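Working notes, beginning with the structure itself.
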Amino acid sequence: MIAGGVALACSLSLAGVATYTGAGLLETRREARALHDMVDGYATDQQLAQDAALWRDYQRQGAQTLGFAVASGTMMVVGAVLLGVGGRRHAWA
């Protein structure tokens, strides 16, 4: 039962980190959209470089957010199963 509780606590921590990285992901997207709205016609070299940097950040943050979210969900399922098994064993005793 202790391991299940710890797994659930870890899943909540990972969910918080996934939320934080997801918020950064949305901020990067807003910055990219603002940059695209600012460009009128052809972009300058500086704007193209900024767009490329924002795109790299977006891809990196997207992978991190997905990884943390999947890990959080997995830990939540494992924690719930461990608590369920531990509770049944405790009830039998």
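In the chain, if the dipole is taken from +1 on Lys/Arg beta carbons and -1 on Asp/Glu beta carbons about the Cα centre, which of Gln61, Leu12, Gly41 is farthest to the positive end?
Checking the options against the dipole of the chain, the answer is Leu12.
Sticking with the crude label model, points 7 Å out along Cα→Cβ, report the distance from Ala71 to Val6 in nm, one decimal please.
Taking the simple label geometry, Ala71 and Val6 are separated by 1.6 nm.
How would you classify the chain from its alpha-carbon gyration tensor, with a ≥ b ≥ c the square roots of the eigenvalues: rounded for a/c under 1.5, else prolate if a/b is greater than b/c, otherwise oblate?
Because a/c hits 1.5 or more and a/b exceeds b/c, the chain counts as prolate.
Compute the relative contact order of the chain as a whole-number percentage, counting only Cα pairs closer than 8 Å that sit 6 or more residues apart in sequence.
60 percent.
Assigning unit charges at the beta carbon (Lys, Arg +1; Asp, Glu -1) and nothing else, what dipole magnitude in debye, to the nearest 20, does the chain show about its Cα centre?
The dipole magnitude comes to about 720 debye.
How much length would be gained if the chain were fully extended between Ala34 and Tyr20, taking 0.36 nm per residue of separation minus their Cα-Cα distance, in nm to one decimal?
2.9 nm
Calculate the spin-label point distance for Val85 paired with Arg60, positioning each point 7 Å from the Cα along the beta-carbon direction, and give it in nanometres.
With each label placed 7 Å out from Cα toward Cβ, I get 3.9 nm.
Each reported figure results from applying straightforward, stated rules to the coordinates on display, with no laboratory input. Treat the numbers as computed from the prediction; the structure is a model and nothing was measured. Glycine also receives a Cβ, built like all others from the backbone with ideal geometry; neighbour counts cover every protein chain displayed.
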